[in-house]
1. Would you confirm, using the coordinates I've provided, whether Arg59 is on the phi < 0 side of the Ramachandran plot, charged (D, E, K, R) and modelled with pLDDT of 95 or more?
2. Among the candidates Leu9, Leu53, which residue alone is modelled with pLDDT of 95 or more, more than 13 Å from Leu94 (Cβ to Cβ) and either of a type in the set (Val, Ile, Thr) or surrounded by 13 or more Cβ atoms within 10 Å (Cβ to Cβ) (or both)?
3. Filter the stretch 63-86 down to residues that are in a strand (DSSP E or B), buried (at least 16 other Cβ atoms within 10 Å of the Cβ) and not hydrophobic (A, V, I, L, M, F, W, C), then give me how many there are.
4. Considering Ala110, Ala26, Ala20, Ala114, which residue is modelled with pLDDT under 95, more than 20 Å from Val7 (Cβ to Cβ) and crowded, with 16+ Cβ neighbours inside 10 Å?
Amino acid sequence: MQLTGEVALQVMRILQEAAANIVKHAQARRMVLDAQVREATLVIAIRDDGRGLQLQGERAGSRGLANMRYRAAQIGADLAVGPCSDGPGTEVVLWLPLAAGQATSPRRAASIAASARDEIPSLR
């Protein structure tokens with residue numbers, strides 16, 4: 001698997017923002033990053049055991065999540081940010097199709113996520 005320089009840069013920036021959010025806001029003790037290829041899609045998940053995402057009343061001037069979503073859209077990826085399924089904390093998942101012109105629909109992304117979720121390391 002090889003990503004173009006632009007795609008690799010956008011993926012790195014998304015991961016960088018996710019990690020910065022954990023450090024700045026989550027009050028987490030642990031962070032787990034997992035990357036795998038599923039059905040010609042690169043799936044990267046970052047989970048923490050922090051206080052969870054505070055989407056209501058986002059800070060004025062805060063652009064981190066919006067920037068992550070914008071970057072994902074620019075490279076044809078899907079991004080989901082929400083609560084961890086197995087306890088407190090937040091999970092950020094990026095689905096990046098590896099085949100040219102392949103789009104990841106929300107339904108397909110959910111299917112890939114369901115099959116990959118059991119293999120993402122737990123925070124416990």
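1. Against the criterion (on the phi < 0 side of the Ramachandran plot, charged (D, E, K, R) and modelled with pLDDT of 95 or more), Arg59 does not qualify.
2. Going through Leu9, Leu53 in turn, the sole match is Leu9.
3. Residues in the stretch 63-86 being in a strand (DSSP E or B), buried (at least 16 other Cβ atoms within 10 Å of the Cβ) and not hydrophobic (A, V, I, L, M, F, W, C): 1 in total.
4. Ala26
The values are calculated or read from the model by the stated rules, or taken from the named source; none is laboratory data. Note that the structure is predicted; figures quoted are calculated from it, not measured. Counting neighbours? That spans all protein chains shown, and the Cβs are built from the backbone with ideal geometry, glycine included.
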